[in-house]
Amino acid sequence: MQTAIVETFQSTMNKCFATVVEDILGRTVKEEIFLLLSRNGIRTSEIASRFDDVVGVLTSSFGEGARVLVFKTVTEPYKKYSQQAGFNFGESLRDQITLLRERVTTDILNPKTLS
């Protein structure tokens, strides 16, 4: 059961990333970002499990502007799991993802339906 919860969390995070990128930058740029990630060995299904690598690729390509995408991507799963995102733009986003994943697996939370 724990594995299914983690897989659901990762799937939710992957979908949140795709939604955030498309909402902010548009469908064409989203497709280019997925190609960029693919060229760097990161499959779409691995975004959540390799999020540090994703952040590295985005930062390398877009500079500090990538932090907006990363911040929005991290706040979206909090909304999907109906959790309060009690952190600021400058805080460690990796820690926030870890905290949410632990809360999801411990409390066996389910995400709201993704649109």
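Quick notes
- All of (1) at pLDDT below 80; (2) surrounded by 14 or more Cβ atoms within 10 Å (Cβ to Cβ) hold for Ser115 with one exception: (2).
- Within the range 1-30, being more than 30 Å from Thr106 (Cα to Cα), under 16 Å from the mean Cα position of the chain (by Cα) and open to solvent by 50 Å² or more (accessible area, probe 1.4 Å) holds for Glu22, Asp23, Ile24, Leu25.
- Residue-level check: of (1) under 14 Å from Gln10 (Cα atoms); (2) at pLDDT 75 or above; (3) not in a helix (DSSP H, G or I), Val104 misses just (3).
- Selection of the range 48-67 for residues being at pLDDT 90 or above, part of a helix (DSSP H, G or I), surrounded by 14 or more Cβ atoms within 10 Å (Cβ to Cβ) and of a type outside the set (Asp, Glu) yields Phe51, Val54, Val55, Gly56, Val57, Leu58, Thr59, Ser61, Phe62, Ala66.
The values are calculated or read from the model by the stated rules, or taken from the named source; none is laboratory data. Nothing here was measured: the structure is a model prediction, and the numbers come from that model. A quick note on method: Cβ atoms are made from the backbone with ideal geometry, for glycine too, and the neighbour counts reach across all protein chains shown. The accessibility values were calculated without ligands, DNA or RNA, using every heavy atom of the protein model including side chains. Shrake-Rupley method; radii C 1.70, N 1.55, O 1.52, S 1.80 Å.
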